[in-house]
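These notes are about the structure you will find just below.
The values are calculated or read from the model by the stated rules, or taken from the named source; none is laboratory data. Source: prediction; values computed, not measured. Heads up, the Cβs are rebuilt from the backbone with ideal geometry, glycines too, and the neighbour counts pull from every protein chain shown.
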Amino acid sequence: MDGLGWTPHQEVPGQVIFLQVNHGLILSLWNRAGMAAELGTDPGTLDPGHGIAPITLSQNVASPAEVDAVLAQARLAGAAVANPPRRQEWGGYSGYFADPDGFRWEIAFNPTWQVNDDGHVTV
C-alpha cells in the first residue's frame, strides 16, 4: 500500500482496512468472512457464480436521515433493498441495495468520517 501512496486510516484486524486513495475516495479491503458478516450472508455466497459479487460499492453520506433517503430513492428506481438500514456495531448507520447485476451498494453514515458539502469523504 505504501508503494501506491495510499495511507491506511482505519483497520478492524482480520476484517477490513480503510485506505484513503484519493481526495474523497476510500478503498475498503475486506476478507470474505468479514464482508459476509457485514452483508448478513454466508461466506460461500460470495464465491463467483453464487449470486453475490464479492465486492460492495459504498456511498458515504452526512446523516442517518440521508441514508434512509438514498435507499428510498434506490427502491423507487427499482433496486431491491438487500439489507434495510440499521444501527451498526461499528457505531454508524447503513443499509444495502442490490443493483440489477447483483452488486451490493452500501449507503452509510459513519460518525467518525467527515463528508463535506461537495460529497468528498475524509477518514
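For Ala65, the stated conditions hold: it is in a helix (DSSP H, G or I) and modelled with pLDDT of 95 or more. Within the stretch 63-72, the residues that satisfy the criterion of being of a type outside the set (D, E, K, R) and crowded, with 17+ Cβ neighbours inside 10 Å are Pro64, Val67, Val70, Leu71.
Per-residue answers, yes or no, for (1) among the small types (Gly, Ala, Ser); (2) part of a loop (DSSP other than H, G, I, E, B); (3) touching a His at 6+ places or on another chain (Cβ under 7 Å); (4) surrounded by fewer than 17 Cβ atoms within 10 Å (Cβ to Cβ):
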position	(1), (2), (3), (4)
Thr41	no, yes, no, no
Ile52	no, yes, no, no
Ala74	yes, no, no, no
Asp118	no, yes, no, yes
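For Leu57, only one of the following conditions fails: (1) modelled with pLDDT of 85 or more; (2) not in a loop (DSSP other than H, G, I, E, B). What is its number? Result: Leu57 fails condition (1) only.
Just name the residue that is farthest from Gly119 (Cα to Cα) out of those in the stretch 1-25 that are touching a His at 6+ places or on another chain (Cβ under 8 Å) and at pLDDT below 80. Per the stated criteria, the residue is Gln20.
Each residue in the stretch 67-123 was checked for being out of contact with any helix residue (DSSP H, G or I) (no Cβ under 8 Å at 6 or more places or on another chain) and over 22 Å from Asp42 (Cα atoms), and 28 of them qualify. Applying the set (1) in contact with a strand residue (DSSP E or B) (Cβ under 6 Å, 6 or more places away or on another chain); (2) assigned to a strand (DSSP E or B) to Arg86 leaves exactly one unmet item: (1).
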